[in-house]
Amino acid sequence: MAFTHIRAPYAFMGYQCPMEESKAAVMPVPYDATTSFKAGTREGPHAIIFASRQVEFFDRELGRDVAEEVGIHTLPEMEPDLGSAEKTVRRVQEMAEDVIGQGKFPIMFGGEHSVSAGVVAALAKKYKNLSVLQIDAHADLRDEYEGTKFNHACAMRRIRDHVKTAVQVGIRSVCREELDYIKKARLDDCIHWGAEFDTAEVLSHLTDTVYVTIDLDGFDPSECPGVGTPEPGGLKWLQVLKLLREVSQKKKIVGFDIMELMPIPNTVQSEFFAAKLAYKLLGYSFFRG
Ligand SMILES: [Mn+2]
C-alpha cells in the first residue's frame, strides 16, 4: 500500500541522512532583514529544499548517486536575529563552527548574502589559506550600507575581513566607493566583469582551499529570475557549471552557499535552478569529477 499522503521530510533532496552518518550538512538561513529592494529571500531556503525533492538523485555527468554516497543532513532552519544583522552573522558562524567541528561539509541556503561571512569566518579558522570564489552580479564591497556593516551590499567586504583572497565573477554592478576601494586594495585582477571570464585566470588567483559563495543574481535573469535585484547580462548555467567543475578538479572546495533566492509565486523555475545547482556543486566538491 502506498502512503502517498506522507510528504518527504523537510530535507534537501527529500532525504535525511542522520547527522552522525552524513558528510555534508545543510544550514537553511531564512534571513532577509537588510535586503534593499524587496523582501522575500527569507522564503529562499524552504523553496530550494522543497524543489530539491524533484531533482534526480543520479548525476549523469558524474555517474553517481551523490546524495546516497555523500549522506546529507539538513539542519532545522536557523532563527535569525531580526534586530541585528551582526548578531545573525555571528549565529551563522556558531552554527557553521558546530558543523565544521563535527567534520561535516557546510552548505548554506539563503536568505540574504550578508550571512555568508559567518561561514567564511568559521572555515577560515580551520583553513588558514582559505580563498573565496564569489558568483554575483554585485561587487558587494561597500564597507557600510544603510547604517550597518553587515548589510547584504557589504557581503564581500565582510568576507574579506577573514580571507586574503576573494575572486569575483559575473560582476556588473558597482558603486564609485567600491571602485575606489578596488583600486586602493589592488583587487582588479580578482574581479571579472560582466558575463565573460577566463577560467585559467580565475583559477590562478584562488588558493588550494576554496569556499564558493553564490548569489543567484550572478546568473542571467532569463535563467534564474527569482532574485531580489536582477541584473541583465548575467552568467549562464552551463558556463558556471563548467567553471565550478574545473575549480573542484584543481582545488579543494570545502563548503558553499546558494544565496538570495526570492521565489516568484506560481513558478518553480528559480528554486529548481538553485536546488540543482547545489546538487551539482555538492557532487563536484566530493567527487572532483
Ligand atoms: Mn548580488
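The table that follows gives values for the structure above.
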| quantity | calculated |
| --- | --- |
| Where Rh is the Kirkwood radius over Cα pairs, Rg/Rh for the chain | 0.94 |
| Sequence of Ser204, Ser248 once ranked by neighbouring C-beta atoms within 10 Å, starting from the fewest | Ser204, Ser248 |
| Theoretical ellipticity at 222 nm over the chain - DSSP helices of four or more residues, -39500 (n - 2.57) apiece, nearest 500 | -10000 deg cm²/dmol |
| Highest-MSF residue in the chain out of Leu187, Leu123, Leu277 [GNM, Cα springs under 10 Å] | Leu187 |
| Label-to-label distance, nm, for residues given as Asp180 and Trp193 (7 Å Cα→Cβ offset) | 1.9 nm |
| Relative packing of 164-173, 142-151, which averages over residues the other C-beta atoms within 10 Å, highest first | 164-173, 142-151 |
| Mean Cβ neighbour count within 10 Å, used as a protection proxy, ranking 17-25, 100-108 highest first | 100-108, 17-25 |
| Cross-link partners of Lys251 among aspartates and glutamates (Cα-Cα below 16 Å; sequence separation of 8 or more within a chain) | Glu201, Asp208 |
| Listed residue pairs exceeding 27 Å between alpha carbons, taken from Lys23/Lys250; Lys104/Lys184; Lys164/Lys252; Lys125/Lys242; Lys149/Lys276; Lys87/Lys252 | Lys104/Lys184; Lys125/Lys242; Lys149/Lys276; Lys87/Lys252 |
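Read-outs throughout are calculated quantities, based only on the coordinates presented, and are distinct from any laboratory measurement. Note that the coordinates shown come from a computational prediction; the quantities given were computed from them, not determined experimentally. Heads up, the Cβs are rebuilt from the backbone with ideal geometry, glycines too, and the neighbour counts pull from every protein chain shown.
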